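The values are calculated or read from the model by the stated rules, or taken from the named source; none is laboratory data. Keep in mind it's a predicted model, so treat the numbers as computed, not measured. Here Cβ is always computed from backbone atoms with ideal geometry, including for glycine, and neighbour counts include all displayed protein chains.
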Amino acid sequence: MDKTKSSYQEDKALVLAAQKDARAFGGLYDKYFERIYLFIYKRVQDEAVAGDVCQDAMLKAMHNIKKYEDRGFPFSAWLYRIASNEVNLYFRAQKKMVTVEVEDKHVKSVMLEIKIGSEESESDQDKLMKVLSNLKPEHVEIIELRFFMQYSFKEIAEFYEITEANAKMRLYRILDKIKKTWETNS
């Protein structure tokens, strides 16, 4: 059995146990806390806040574990969605904008992918960041997942509980929109 299938089966058993007895959620907590924390930390850029938001996300997952239905996607996709929602709630409550640490190489990879500007030009990189800041938050999230957080299309698909083909289609539509906005503003 490959690693993915064994992890899926392990999660399935842990979820079933947690649905019967909330104390069994500890196995899922132990397995996923660090990954969820890192996901949140990349969004909030503050260790204490990331810890608090992660705790809120894990508590919400524990309280709602009985509502979880296996739809053929990894359990982690459900947790990441809860974490993403908790981050959004945090930013709304703080009236802050979502921030993501962006490295030059990630901005350059977006520019190379859609063939715009000169990836060596700081003004072109700044222009791209301005275009990204005007996108809908859900569109920025997909860009962040793919280019800044280095998620594969499979991981993005799991995150949104969609097919891999649909994840690719969404991303490339957003990239096309970025390119058109870039060309209009040039």
For this session: Identify the residue in the range 155-186 that is of a type in the set (Lys, Arg) and free of Cβ contacts under 8 Å to residues at least 12 places away in the same chain and, among all such residues, is farthest from Tyr80 (Cα to Cα).
Result: Lys180
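Hey, among Ile116, Ile142, which residue is touching an Asp or Glu at 6+ places or on another chain (Cβ under 9 Å) and crowded, with 17+ Cβ neighbours inside 10 Å?
Ile116
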Exercise. Would you say Met129 is within 24 Å of Leu38 (Cβ to Cβ), among the hydrophobic types (A, V, I, L, M, F, W, C) and either loosely packed, with under 12 Cβ neighbours inside 10 Å or out of contact with any Phe, Trp or Tyr (no Cβ under 8 Å at 6 or more places or on another chain) (or both)?
Worked result: yes
Exercise. When you look at Glu101, is it among the charged types (D, E, K, R), over 30 Å from Gly27 (Cα atoms) and either modelled with pLDDT under 80 or crowded, with 18+ Cβ neighbours inside 10 Å (or both), yes or no?
Worked result: yes
